[in-house]
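First up is the structure itself, then whatever we jot down about it.
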Amino acid sequence: MVSKLVISALFILFVCNAWALPQSIVIDEQTVLASQPVFGREDYHLGALNPGSKAEIISISTQHEHGVSFQVRSTEGANRGQVGWVYLSSDEAKRKFSVLDEKNNEVSLPHIPSPVTNDEDDSVLEHLGTLKRVNNPTNNFKRAFIPLTKSMTPAVDGVYSKIPELVSVKSDKSIWDDFASGKLKLDEESYKGGNIFTFTDESGSNKYHAAFKPEYLGSLPENIQEIVKVELDCDETPTPSVRPTPQVQAALPGQRNNWLPGCDVLSGRISENSKNKLDQCLNSIKQTLSGGKRLRASDRTKVFPLFYSKLNPTEQEFLGHIVTSIGEAGVLAPPIEEMVAIMMILENRKDYAKSKGFSNANVLDAALQPSQFSMYNRGAHHWSDALNRENSDNQTQHALDAFIKLKNTTLTPTLRRVYHYHTNSVHPDWKTPSKVVPITLNGVSLRKSGKRHIFYRDIGWSFRNNPWSNK
Amino acid sequence: MKLRLALLLFIFSSSAFSWEVVKKKDEFYLVDSNKKSFAIISEGGVPSFIKVESFSPELNRIIYKSGVAGTSELKEIHRALLVTKKDMKVLGDFPVSYQSLTGNEGKVEVKWRLQKDRVIISDPETETTEKIQLR
C-alpha cells in the first residue's frame, strides 16, 4: 500500500514537472536585454526590462557555464514586441526575474551558487553556436531545462527555439569560416575601424559581426588577407565599440502567395519597368481599404487596423512609403527627392527598430508610431487625402516615382543615421544646428529656402509599436 | 510648525531633484538617488524628470517629459511610469498629456482611472484604452 502511494506520488510529481515548462518570465529587478546571449559587454545591450515587465520565452541557450539564457519577446508595455536575450543565473541570489509556467505559476528551479564573470561571457562569445560548451560540465541547474529544450526545435548547437528563424547566433570563428568558404560576403561599406568586421549573407538581409583573430588569417583568400592586414595596421588598438545586432529576418506570414493584384511586383527588383504594376498594386490596396468609398480623417481607428489585417507585410511597407511621402512632402515635389527623403527616414527608423530587437518592425510601423509623423495625428486629414487621390494625380505619380528611386538609391552611412525632420515653420527643443544634415540624393539637393524640411541625425528617440498593429 | 513645514519642503524638494536621466547606448533611464533605475521612452530629444505623485494608496506615478514629437505639428509629451509603492515594480509606461506647441489644440490630458482591481488609461490622442490588471 505504501509503495503504491509512493509510486503515485512520484507519478504525480513527474506529470507536474512535465507540465511545468517555463513559458514566460516576470522581471523582479531591472534586467539587461541583449542582442546575443552575451551579457558582459555593453556592445550587445539593446536596453533593459523594467521590474514588473513580462515576456514570453522563445528560445533557450544552454551554452553558459553556470546559468542559461532565454530569448524573450516582451508581451506588454512600451517594449511590447521587442525581442532579446536575458540571463538566468544558477545562483538564486543573482537572478533578476522569475520563470513562470503556462498557468503563470512560478517554476521552482535548482539553486547552485556560482560566480558569473565577464570572462565567462567572453568564452561564450567565442564558442557561440558550437558544441564546445554544450556538453561541458552539465549541472542540475542546466539539467532542469532539458524538458524545455526537448519541447523546442534545435536552432544552432546548444540553442533551442520555438521560432528558429529568430535565432541568428554564430561564433566568430564560424562567421570567418563561412566568409572563407564564400557563404558570407564582407560588408566593406559598414567597416568603422577596429577588429570587428561585418558580413552579409547572399540575400543581404542578415548581417553578422565578428571579431578578427590572427589564426583566422590563413583561411582567407589572399586579397582579403591584404584588406584585413591593412585595416588592422591602421588601428593599433582594436577595441570594438559598436557591434550592431544581426538583422533578424522574422517570419512574415502571408508574404508569399498572397498578393493583391499587381503587388507581386514588390517581391522582385523594382525598376522603371515596375511602374505600371506598382500603379495597379496601389489601386488594389486603396480598393481593399476603402471599398471604393471616400475615407475621412475620422475613420482613423477603423482604417489603421485594416492596414495590418488586409495587407501582407510587404504591401504594408509599400503603402507606408506612398501615403507618408504624399502626406508629408507631396506639395514639395518636384523634385521627387523630397519624397525619397521621407521614405529614407522611414527605412532608417525601421532599421533602427530592428537593431533594437523589434525584429518584425516595418516601414508602416515606423510611420504610424503615435505623434511622430504629424499627418497621422488625430484629426489630421493628410493620410485620408493621400488614399482618396486618383492614381493619375501628380502627387501620387511622384510618390510612385520616388518609391522606384528609393529602391535604386544607395545611402551613405551619415544619411542612414537621419531619423528626424520637421518643417521649417516649427521649432522643437531638440533642434541643434550641429545635427542638421543637408540632404543630397542621387546628386539632387533638397530645398534650401522657402517652405521646406530640415533633417537631423542622432536625435534621441525610442521606437515602440503602434496600438493598431497588434504586434 | 514653521520648522516642520520647512523640513517637509526640504524633503520634498530633495526627493524631487534626486532623480536624473541617464543615457546609455541610445537608451534613456530615470535613476534615483539609490541608483534604482527605470528604462523610459524618448518621443524626441532627451527626456527629463518632472515629479513623483501618488496615484493611489499602493501606486505612484513617476512623471517625466518624454520629449517633443512631430514633423509639422509639435507635441510635448509627458508620460508616467506606474509603479508600486511597496517594491517599485513597474506596471507600465503610459502617456499623461500631449501639449500642442504649434496648433490650437492646447493640452490633451490622458484619463487615468482607478477601478477596484485595475487601472484604465484612455488616450484621446490615439483613441485607445489600456487596462492594467493590478497584481
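Here are the numbers for the structure shown:
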read-out	value
Candidate set from the stretch A:407-453 (those that are more than 12 Å from chain B (Cβ to nearest Cβ), in a helix (DSSP H, G or I) and open to solvent by 20 Å² or more (accessible area, probe 1.4 Å)); member that is nearest to A:Ser355 (Cα to Cα)	A:Arg416
Restricting the stretch A:304-333 to residues that are polar (S, T, N, Q) and farther than 11 Å from A:Val363 by Cα, the residue that is surrounded by the most Cβ atoms within 10 Å (Cβ to Cβ)	A:Ser325
Elements of type helices (runs of 4 or more DSSP H) contained in the stretch A:295-371, each with 1 or more residues being of a type outside the set (Gly, Ala, Ser) and out of contact with any helix residue (DSSP H, G or I) (no Cβ under 9 Å at 6 or more places or on another chain)	A:300-310, A:337-355
Filter result for A:Tyr456 (open to solvent by 20 Å² or more (accessible area, probe 1.4 Å), in contact with a helix residue (DSSP H, G or I) (Cβ under 6 Å, 6 or more places away or on another chain) and of a type in the set (Phe, Trp, Tyr))	no
Any hit, the stretch A:366-378, residues being buried (at least 22 other Cβ atoms within 10 Å of the Cβ), more than 14 Å from chain B (Cβ to nearest Cβ) and over 20 Å from A:Arg452 (Cα atoms)	no
Pairs where the first residue, in the stretch A:43-69, is within 21 Å of A:Ser90 (Cα to Cα) and open to solvent by less than 10 Å² (accessible area, probe 1.4 Å) and the second is part of a loop (DSSP other than H, G, I, E, B) and of a type in the set (Asp, Glu), C-beta under 7 Å, 6+ apart	A:Pro51/A:Asp28; A:Pro51/A:Glu29
Selection count, the stretch B:41-69, where residues are outside any loop (DSSP other than H, G, I, E, B), among the hydrophobic types (A, V, I, L, M, F, W, C) and facing chain A (nearest Cβ under 7 Å)	2
Some residue of the stretch A:382-400 being within 14 Å of chain B (Cβ to nearest Cβ), touching a Phe, Trp or Tyr at 6+ places or on another chain (Cβ under 7 Å) and not β-branched (Val, Ile, Thr)	yes
The lone exception for A:Glu337 - which of (1) touching a residue at least 12 places away in the same chain (Cβ under 8 Å); (2) buried (at least 23 other Cβ atoms within 10 Å of the Cβ); (3) within 30 Å of A:Arg73 (Cα to Cα) it fails	(3)
Among (1) open to solvent by less than 20 Å² (accessible area, probe 1.4 Å); (2) part of a helix (DSSP H, G or I), the one test that A:Val169 misses	(2)
Filter result (part of a loop (DSSP other than H, G, I, E, B), on the phi > 0 side of the Ramachandran plot and open to solvent by less than 80 Å² (accessible area, probe 1.4 Å)) within the stretch B:90-135	B:Gly106
Residue match in the stretch A:21-44 (condition: at pLDDT below 90 and more than 30 Å from A:Trp461 (Cα to Cα))	yes
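The values are calculated or read from the model by the stated rules, or taken from the named source; none is laboratory data. None of the values given here were measured: they were computed from a predicted structure. Neighbour counts are summed over all protein chains in view; Cβ atoms, including those assigned to glycine, are modelled from backbone coordinates with ideal geometry. Calculation scope for accessible area: heavy atoms of the full protein, side chains included, ligands and nucleic acids excluded. Shrake-Rupley method; radii C 1.70, N 1.55, O 1.52, S 1.80 Å.
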